[in-house]
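The values are calculated or read from the model by the stated rules, or taken from the named source; none is laboratory data. Keep in mind it's a predicted model, so treat the numbers as computed, not measured. Every residue, glycine as well, gets a Cβ built from its backbone with ideal geometry; the counts of neighbours run over all protein chains shown. The accessibility values were calculated without ligands, DNA or RNA, using every heavy atom of the protein model including side chains. Shrake-Rupley method; radii C 1.70, N 1.55, O 1.52, S 1.80 Å.
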Amino acid sequence: MAKLIDGKAIAAQIRDEVAQETQALKSCGVTPGLAVVLVGEDPASCTYVRNKQKACADAGIYAEQITLPATTTQEELLRVVQELNARADIHGILCQLPLPAHLDDKAVIAAISPEKDVDAFHAVNVGHILIGDEGFQPCTPAGVMEMLTRSGIAVEGKSCVVIGRSNIVGKPMAMLLLHANGTVTICHSRTVDLAAVCRGADILVAAIGKAKFVTADMVKPGAVVIDVGINRDENGKLCGDVDFAAVEPIAGAITPVPGGVGPMTIAMLLKNTLTAAHRQTGK
Ligand code: NAD
């Protein structure tokens, strides 16, 4: 039976640490501020934004939600971003994705000041990630790395397989594992014999977006299995990319969904907001 990696508990630890550090920064006269821009009323996005706001409030971080109608034009959205870039009380800005189809998410991300880009999606921050600089860490992959570290799982020398090559999860995940001296393979929808590649993994990270895609035959006995996916199963129940019931008896360690990577992403967002406030104020 696998060791369960409890993302909820590890995230709570990080949130406590952030709350303490926020308190210390406040005593120097600085309240970290995060602006969350939401365009439209996508129900999942609304839930994510609500959770981020609550987490900020719990940690003592000021959070401002800017809700714009789904009909917002590109120019209007860019103007909002520019206004937030110019505000001294806002240290972090994020625009909840996906945006309505008529808006260009790349242009919006490019408009966010790299110093305030707490999601680490801006090309400047992606560049920092690639060369291993101390920029912002992308929240979800950074959350996975924290989970591994705080669970005592070493990456160095391990065979790491990441399924998924998105800019948000798969690619930066692979980079962070590489910087931790893992031997990294990135798989995607055109990978030939995916199951065989996955079976070679000591650490397998699934970031696909397909319910219960990773089955027992894809996992090496004793492997660490990290499930980034957030999906609904055939009964509408929240589930990951990994068939948990089938894989758990084989794996050495595994993250559940919910209660795994999800809470870590929010904890890392708080951490990045705090970092942004430190950097911008020099306090
Ligand atoms: P995406 O759709 O941008 O990318 C999915 C990747 O999976 C693609 O690179 C694609 O090549 C790969 N893929 C698709 N079908 C495949 C197949 N049959 N075989 C192999 N690879 C295949 O998605 P994303 O934004 O990277 O998100 C992935 C999942 O992670 C989603 O379920 C998303 O909801 C979840 N997610 C969770 C968090 C969190 O906080 N836990 C954060 C971001 C994303």
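The figures follow:
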{"read-out": "Residue in segment 248-255 that is in contact (Cβ under 8 Å) with a residue 12 or more places away in the chain and within 16 Å of the ligand (Cβ to nearest atom) present", "value": "yes"}
{"read-out": "Enumerated helices (runs of 4 or more DSSP H) restricted to segment 82-152, each holding at least 3 residues that are assigned by TED's automatic domain parsing to the domain that holds VAL184", "value": "139-150"}
{"read-out": "Criterion: buried (at least 24 other Cβ atoms within 10 Å of the Cβ), of a type in the set (A, V, I, L, M) and within 10 Å of the ligand (Cβ to nearest atom) - qualifying residue of VAL242, VAL224, VAL228, VAL219", "value": "VAL228"}
{"read-out": "Restricting segment 144-173 to residues that are in contact (Cβ under 8 Å) with a residue 24 or more places away in the chain and within 8 Å of the ligand (Cβ to nearest atom), the residue that is surrounded by the most Cβ atoms within 10 Å (Cβ to Cβ)", "value": "ILE163"}
{"read-out": "Set ALA267, ALA276: member being within 16 Å of the ligand (Cβ to nearest atom), in contact with a Lys or Arg (Cβ under 7 Å, 6 or more places away or on another chain) and open to solvent by less than 10 Å² (accessible area, probe 1.4 Å)", "value": "ALA267"}
{"read-out": "Count of residues meeting criterion [open to solvent by 80 Å² or more (accessible area, probe 1.4 Å) and in a helix (DSSP H, G or I)] in segment 43-75", "value": "6"}
{"read-out": "Subset of segment 169-194 (residues that are closer than 14 Å to GLN137 by Cα and in contact with an Asp or Glu (Cβ under 9 Å, 6 or more places away or on another chain))", "value": "ALA180"}
{"read-out": "Those residues of segment 20-42 which are open to solvent by less than 60 Å² (accessible area, probe 1.4 Å), more than 19 Å from GLN82 (Cα to Cα) and not small (Gly, Ala, Ser), in sequence order", "value": "THR22, LEU25, VAL30"}
{"read-out": "Segment 181-194 residues that are closer than 9 Å to VAL161 by Cα and assigned by TED's automatic domain parsing to the domain that holds VAL169, paired with ones that are open to solvent by less than 40 Å² (accessible area, probe 1.4 Å) and more than 6 Å from the ligand (Cβ to nearest atom) (beta carbon under 6 Å, 6 or more apart)", "value": "THR183/SER159; VAL184/CYS160; VAL184/ALA174; VAL184/LEU177; THR185/VAL161; ILE186/VAL162; ILE186/ALA174"}
{"read-out": "Tally of residues being more than 10 Å from the ligand (Cβ to nearest atom) and assigned to a loop (DSSP other than H, G, I, E, B) across segment 174-212", "value": "9"}
{"read-out": "Any hit, segment 263-273, residues being touching an Asp or Glu at 6+ places or on another chain (Cβ under 6 Å) and within 23 Å of HIS188 (Cα to Cα)", "value": "no"}
